[in-house]
Each structure stands twice: as structure tokens, then as C-alpha cells.
Amino acid sequence: MISVSNIERFAIHDGPGIRTTVFLKGCMLHCPWCANPETWGVQPVLMHDEKKCVHCRLCEKHCPQKAITFEPDFHIDYSLCRACGTCTQTCIPNALEISGKWMTAEEILDEATKDKKYYENSQGGITLSGGEPLFQFEESFELIQRIHEEEFHLALETTGNYSLEKLQKVEPYVDLFLMDCKHLDPEKLYHVTGADYDQIMENFAYLSKHCPQKVIVRMPVIWDFNQDQIEKIIEWAATLHFPEVDLLPYHSLGKNKWENLQMKYSYAQYPLMDKKDLMPAVEYGKKIGIRVKIGG
């Protein structure tokens, strides 16, 4: 069984064509701008939307673990909560939901196969995302093999933060790696995100040597973190013969999820990043012979 956060059909930004994106739970990073913080842990997790809540307190009354309180404000004690879902069944305005469920590879494929015609007509396929799709490695590897057997185009939206051995095992089955390069300073990368720079670079080097055309380098461009890295990362990607760098401008789409998990979103004060401000990087890519795209 594999823990799945969400399955998004008709996705168009996670690889070529029309796709089904499967968000798997579990991640070793803790990026403070993360759009999917509910995927950090493998276990299902309870989320609360204060905007929908009418404070009827039925959830508090029916919670078997006594994990929910309203004094002075709504609060979930995650050390007690078992994400059993009892509270969601009593919540009339649907302010409570469980993020995550356990599924088999076959159940995931059954869902994805519903859109097979769209994949065929658009040269699309299936994208595994997260979290980190290789965090639950044995289970995700089984899913990767099954997708390959069904001859779906498979993209892996990945941090690259895992052992080379794992990468070597999955590489023959993956058609496209959408792989993050967030920063080229090892200390800053680790301090802000928890990522292992050496491990990620080892994996990039392997892909550069064996299948560079299967890689799109993705750089989330984040205020006060890596704006000074844009040209450096483009140059670095060009030296490794990768065909494309996608610059992903900062957005705050994950802010509500942080709040629904009772977590502080430290980027709340930052505005959306204008794509136009990143256009000079597209021209810079042309100068040094690599495609640079704004957005995924």
C-alpha cells in the first residue's frame, strides 16, 4: 500500500500533454514555501479550514481521542489525533478533511486509466509528485514498474534528494525527470530546506552522463532565497547538457494549507512574483544555448 495525498486529473503543467498527477505523501525536505505541506508526513492528517468552520463544536464532542478543543480557539492536538475521520463525518460545513489515504498500485492505475484516451491524443501520461515520490521507495517503485508495463508516459517530479542507488533503479522506467535545483550553495540549501546538496548533485551528474535528454531542471524562484542564483543555475544546467530549465515564480497557493495544518507560513508577507521579471533569463538561456521557460 502507498500513501496518496491527492490524484489530480487533466493536469497540464507537470509534463507534456494532458496528464494525471499523483501526489504521494512523504518528504525529507521542509521548504518554507512548500505548496503541499500536508505531504511531508506519510500518515493521513486532519486539516481544518477556519473560513468554513461555524464553531458548532460537534467535532469536539464526537472526537474519540479528545484531540479537538475550542478554548480559546479551535485547536487540533496532533499528538492525540489518529486521523480516524469521525470528526469529518459530523462536520456539516465540511471544514474538516483528512488528507491522505492508503491505496494499492492497481487502485491508482485504475484511476489513471480513466483518462487513457486523453493521454493518447495529447502525448500525455502520468506524473508522480509529492512530497517526494520516492520517499516511500519500495511502494512507489512497484507503482513505477506497473505504469511502465501499461506503457504510459511517466514523469517524476522530484527533489533528487535520495541515494544514487535508488535513482539508478528507477531511471530505466522513467520517461522524464522534472528535477529541482533550488540553490548551488550547499550550506544555504541545507539550512533553508534540509536538502543534501552532494546527494542531489551526484544524481544530476548521473543523469547528465546517462540520459540528459530525459531531464528538465526546475528552479522554484523564491524571494530572498535564490534570485541571485538564476543565471548560475542556467549556466550549470547548460554545462551538464540538460535541454531545459523551467523557472517557477513564487506563489502563495499553499498558504491556506499551512494554516489548515496549524502551521505558520513564513512567506505570507511576500507578493506573487511576476513572470515578466524573469523574462531576461529566457534571453540569457538563448545566449548560452539552453532553453529557459517560465513556468512548468
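Since every read-out is calculated from the coordinates, none of them should be taken as a lab result. What you see is a predicted model, and the numbers here were worked out from it, not measured in a lab. Counting neighbours? That spans all protein chains shown, and the Cβs are built from the backbone with ideal geometry, glycine included.
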Calculated log₁₀ intensity ratio I(q)/I(0) where the Debye formula runs over C-alpha points of the range 1-147, q = 0.11, 0.14 Å⁻¹: -0.51, -0.76
Within the range 45-99: Cβ-based charge dipole about Cα centre, in debye rounded to nearest 20 (Lys, Arg +1; Asp, Glu -1): 180 debye
Partner aspartates and glutamates for Lys255 [C-alpha distance under 16 Å; skip if fewer than 8 residues away on the same chain]: Glu38, Asp49, Glu50
Ascending count of other beta-carbon atoms within 10 Å, so fewest first, for Val292, Val45: Val45, Val292
Unit Cα scatterers, Debye sum, the range 114-256: log10 I(q)/I(0) for q = 0.19, 0.20 Å⁻¹: -1.22, -1.31
GluC sites (Glu not before Pro) within the range 21-119: DSSP coil, no more than 13 neighbouring Cβ in 10 Å: Glu50
Check: the chain dipole with +1 on Lys, Arg Cβ and -1 on Asp, Glu Cβ, in debye: 560 debye
Hull shadow area, averaged, the range 45-99 [alpha-carbon convex hull, nm²]: 3.3 nm²
For Leu178, net neighbour charge (Lys/Arg +1, Asp/Glu -1) across residues whose Cβ lies under 13 Å away: -3
Compactness of the range 1-58 - radius of gyration and Dmax, Cα, Å: 14.8, 46
Trypsin sites (Lys or Arg not before Pro) within the range 205-296: DSSP coil, no more than 14 neighbouring Cβ in 10 Å: Lys264
Sequence-separation-based contact order of the range 216-296, relative, with Cα cut under 8 Å and 6+ spacing, percent: 38 percent
For the chain, the fraction of alpha-carbon pairs in successive 10 Å shells from zero, as %: 6, 25, 32, 24, 10, 2, 0
